[in-house]
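**Student:** The structure is given below, and queries will be raised subsequently.
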Amino acid sequence: MILRYYGHSLFTLAFENGFLLLTDPYGDFYDYPKQTLPADMVTISHHHHDHDALSMVAGKPQVFDMLGVYSPVADIILTGVGSKHDEMDGVQRGENIIFVIEAEGLKIVHMGDIGHVLTDRQKLFIGKPDVLFTPVGGFYTTDAKTAYENVKLLGPRVVIPMHYKTRFSAEMPITTEIPFLELMHANPEPMKLLRLTKGDISERPPVILMDITMEAIA
């Protein structure tokens, strides 16, 4: 599969079978490029405007925004695991869905806007990720320290930070990715895209930083 990052919590996963999955579309958001992206499937972690903007998704994708186990096409399984958007049991910002994406022998976990340390039950449902997308910017989500705690709990092979301040969101009241990278003792060069297979995942560094893709990929 091929992973690309469009900033905030939006990734695309292009699978070998030709299907394209998009996570948490943000729409017209700060200074991110206004664009329309193709997708066959869309996961939405929660219904806040910067995570459920289906108006930026071309076509008529299958949309997954509820807890449960789904098999939208052969050889792809999506599992929505319940969590909270804050440390007060959702009182401040509501519910959040962690999506576990299993395809091509790999387990990809998108934490959405999780705002707390994982419970034992959530850890059990998630299992051990090959790739973990985790928010690290704080204020609305887990900060660097809490994200680091979740990384230690899950033990993923590769961690990719998301939901942090970028050049496109300089006015957001969140931090950059730097505090999290420092806790991880990592200084990675940003990658424009990431190709992953079951056979080469063990050769990837433990922390990968994705550069922000500026255009739609047909």
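Bear in mind these aren't lab numbers, they're just calculated from the coordinates by the rules spelled out. Small disclaimer: the values here were computed from a predicted structure and weren't measured. In this analysis, Cβ positions are derived from the backbone assuming ideal geometry, glycine residues included, and neighbour counts consider all displayed protein chains.
**Student:** Give me the number: length gained by fully extending R195 to Q35, i.e. 0.36 nm times residue separation minus the C-alpha to C-alpha distance, one decimal in nm.
**Tutor:** 55.3 nm
**Student:** Once amide H atoms are placed 1.01 Å from N in the peptide plane, what residues at a sequence separation of 5 or more from A186, or on another chain, have their amide H within under 5 Å of its amide H?
**Tutor:** none
**Student:** If you find the alpha carbon centre of region 84-126 and of region 151-218, how far apart are they in angstrom?
**Tutor:** If we compute the Cα centre of each part, the gap is 17 Å.
**Student:** Going by average Cβ density within 10 Å per residue, which order do the peptides 41-47, 181-187 take, highest to lowest?
**Tutor:** The densest-packed peptide leads the list: 41-47, 181-187.
**Student:** Report the charge-dipole magnitude of the chain in Debye, nearest 20, computed about the Cα centre from +1 at each Lys and Arg Cβ and -1 at each Asp and Glu Cβ.
**Tutor:** 340 debye
**Student:** Out of all DSSP beta bridges in region 2-203, what portion is antiparallel? Express it as a percent rounded to 5.
**Tutor:** Roughly 65 percent of the beta bridges in region 2-203 run antiparallel, per DSSP.
**Student:** Per residue of region 15-23, what does 6.51 cos²θ - 1.76 cosθ + 1.60 with θ = phi - 60° give for ³J(HN,Hα)? Whole Hz please, x for Gly and Pro, Karplus curve as stated.
**Tutor:** Karplus-based 3J(HN,Hα) across region 15-23 equals 8, 5, 7, x, 7, 10, 10, 10, 10 Hz.
**Student:** For region 123-134, in order, what is each residue's ³J(HN,Hα) by Karplus, 6.51 cos²θ - 1.76 cosθ + 1.60 with θ = phi - 60°, in whole Hz (x at glycine and Pro)?
**Tutor:** 4, 5, 5, 6, x, 9, x, 7, 10, 10, 8, 10
**Student:** Going Cα to Cα from K84, which lysines come in below 22 Å? Please leave out same-chain ones fewer than 8 positions away.
**Tutor:** K107, K123, K128, K145, K152, K165
**Student:** Per residue of region 156-172, in order, report the coupling 6.51 cos²θ - 1.76 cosθ + 1.60 (Karplus, θ = phi - 60°) as ³J(HN,Hα) in whole Hz, putting x for Gly and Pro.
**Tutor:** x, 6, 9, 10, 10, x, 8, 6, 9, 5, 10, 5, 8, 9, 4, 8, 5
**Student:** So, one more: Tell me, what is the percent relative contact order of the chain, built from C-alpha pairs under 8 Å that lie six or more residues apart? Let's see the in-between values first.
**Tutor:** Values: 506 pairs, mean separation 40.7, N = 218.
Computed value for the chain: 19 percent relative contact order.
**Student:** May I ask which residue of A147, P206, H46 lies farthest towards the positive end of the charge dipole of the chain, with charges of +1 (Lys, Arg) and -1 (Asp, Glu) on Cβ and the Cα centre as origin?
**Tutor:** P206
**Student:** Within region 19-57, whose backbone N sits under 18 Å from a point 7 Å along Cα→Cβ of A74?
**Tutor:** It comes to 19-20, nothing else.
**Student:** Provide the FRET efficiency to the nearest 0.05 for the N187-E16 pair, computing r from the beta carbons and using R0 = 25 Å.
**Tutor:** My answer for the efficiency is 0.20.
**Student:** Which residues' amide hydrogens lie under 5 Å from the amide hydrogen of H48, considering only partners 5 or more residues apart or on another chain, with H built in the peptide plane?
**Tutor:** none
**Student:** Starting from the amide H of D113, placed 1.01 Å from N in the peptide plane, find each other amide H under 5 Å away whose residue is 5 or more places distant or on another chain.
**Tutor:** I97
**Student:** Would you mind calculating the gained length between D211 and R167 on full extension (0.36 nm times residue separation, minus the Cα-Cα distance), in nm to one decimal?
**Tutor:** So the chain would gain 14.7 nm between D211 and R167.
**Student:** Stretch K152-S202 to full length: gain in nm at 0.36 nm per residue minus the Cα-Cα span?
**Tutor:** 16.2 nm
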